[in-house]
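Enquirer: Before I ask anything, let me first share the structure, which is written out below as structure tokens.
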Amino acid sequence: MLTAILMASGFSRRMKKNKLLLDFQGKPLVEYTMQAIHEYPFDQAFVIARDPIIKSLAQKYGLYVLENPNPQRGQSESIKIGVNAAMESSSYMFFVGDQPFITKELISELANLHKLHPDSIIIPSYEKKNGNPVIFPASLRNSLLEIQGDIGGRYVIRNNPDKVMFCETKDKLPLLDIDTEEDFEQIKRGIQRL
């Protein structure tokens, strides 16, 4: 089994506003990730959210919304909420909501590699630069539940180097994410497409 977990309850501190709701080509940024998740046949798909607009968008795509009552605790809280909601036998594909070029094809590529190596951590990479989404196997459930603070899954990856497998992609666009206003402006101007 494979569960999609979209972590969408952060504070976007570097942007000083909710970047997931920024308008990109007529849609909020987060909607692109939701659409890609919706297009792939996950066994379960959760959106960890606190904003009413994000919750409403998730419902539009048939994604199950889980409330994050403690977003100030960082990414670890979203991870725990998602993992606890998923079936214990499931592996987890963790998504962020600021990748407007993410595709069903990238998701399928990662999921297919996971099927061949079900006990590996699958990380997409372009020219040795790693990105999201990342798949964690069911065997690491307890390790994911032990994460504290705003470090996400990096702690688990660092502690399990023997389980890490990279999925080298041919296109950098699906891995692009937006952390700052400058990132967003560059993507809007098309600089990143060059």
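Enquirer: Restricting to the range 58-70, what's the tally of residues that are open to solvent by 20 Å² or more (accessible area, probe 1.4 Å) and on the phi < 0 side of the Ramachandran plot?
Expert: 9
Enquirer: On to the next question. For a quick check of your reading of the model, give me the residue pairs whose first member lies in the range 35-55 and is charged (D, E, K, R) and open to solvent by 20 Å² or more (accessible area, probe 1.4 Å), whose second is modelled with pLDDT of 95 or more and part of a strand (DSSP E or B), with beta-carbon atoms closer than 8 Å and at least 6 apart or on different chains.
Expert: Matching pairs, first to second residue: D43/L2; D43/T3; K55/V47; K55/V65.
Enquirer: Name the single residue, out of those in the range 81-113 being among the charged types (D, E, K, R) and more than 14 Å from the chain's Cα centre (by Cα), that is farthest from F166 (Cα to Cα). First the steps, then the outcome.
Expert: Step one: list which residues in the range 81-113 are among the charged types (D, E, K, R), which gives 88, 98, 104-105, 109.
Going one step further and asking which of them are more than 14 Å from the chain's Cα centre (by Cα), we end up with 88, 105, 109.
On the way: E88: 24, E105: 16, E109: 11 Å.
Among those that are among the charged types (D, E, K, R) and more than 14 Å from the chain's Cα centre (by Cα), it is E88.
Enquirer: Consider R73 against the criteria (1) open to solvent by less than 60 Å² (accessible area, probe 1.4 Å); (2) out of contact with any Leu (no Cβ under 7 Å at 6 or more places or on another chain): it satisfies all of them except one. Which criterion is unmet?
Expert: (1)
Enquirer: Test K129 against the criterion of being open to solvent by 60 Å² or more (accessible area, probe 1.4 Å) and within 19 Å of M93 (Cα to Cα), and give yes or no.
Expert: yes
Enquirer: It is to be established whether one or more residues within the range 15-25 are open to solvent by less than 20 Å² (accessible area, probe 1.4 Å), on the phi > 0 side of the Ramachandran plot and touching a residue at least 60 places away in the same chain (Cβ under 8 Å).
Expert: No, the range 15-25 contains no residue that is open to solvent by less than 20 Å² (accessible area, probe 1.4 Å), on the phi > 0 side of the Ramachandran plot and touching a residue at least 60 places away in the same chain (Cβ under 8 Å).
Enquirer: Determine the pairs where a residue that is closer than 30 Å to K115 by Cβ and free of Cβ contacts under 8 Å to residues at least 40 places away in the same chain, located within the range 166-191, has a partner that is open to solvent by less than 40 Å² (accessible area, probe 1.4 Å) and among the basic types (K, R) with Cβ atoms under 6 Å apart, the partner being 6 or more residues away or on another chain.
Expert: Qualifying pairs under 6 Å: none.
Enquirer: Report, by residue number, each residue of the range 141-162 that is open to solvent by 40 Å² or more (accessible area, probe 1.4 Å) and either under 28 Å from L113 (Cα atoms) or modelled with pLDDT of 95 or more (or both).
Expert: N142, L145, E146, D150, I151, R154, Y155, I157, R158, N159, P161, D162
Enquirer: Between residues in the range 91-113 that are under 19 Å from I81 (Cβ atoms) and among the small types (G, A, S) and residues that are at pLDDT 95 or above and assigned to a loop (DSSP other than H, G, I, E, B), which pairs lie under 6 Å by C-beta distance while being six or more apart or on different chains?
Expert: Between residues of the range 91-113 that are under 19 Å from I81 (Cβ atoms) and among the small types (G, A, S) and residues that are at pLDDT 95 or above and assigned to a loop (DSSP other than H, G, I, E, B), the close pairs are S91/P137.
The values are calculated or read from the model by the stated rules, or taken from the named source; none is laboratory data. None of these values were measured; they are calculated from a predicted model. No Cβ is skipped: glycine too gets one built from the backbone with ideal geometry, and neighbour counts run over all protein chains shown. Protein only, heavy atoms only, side chains kept; ligands, DNA and RNA dropped before computing areas. Shrake-Rupley method; radii C 1.70, N 1.55, O 1.52, S 1.80 Å.
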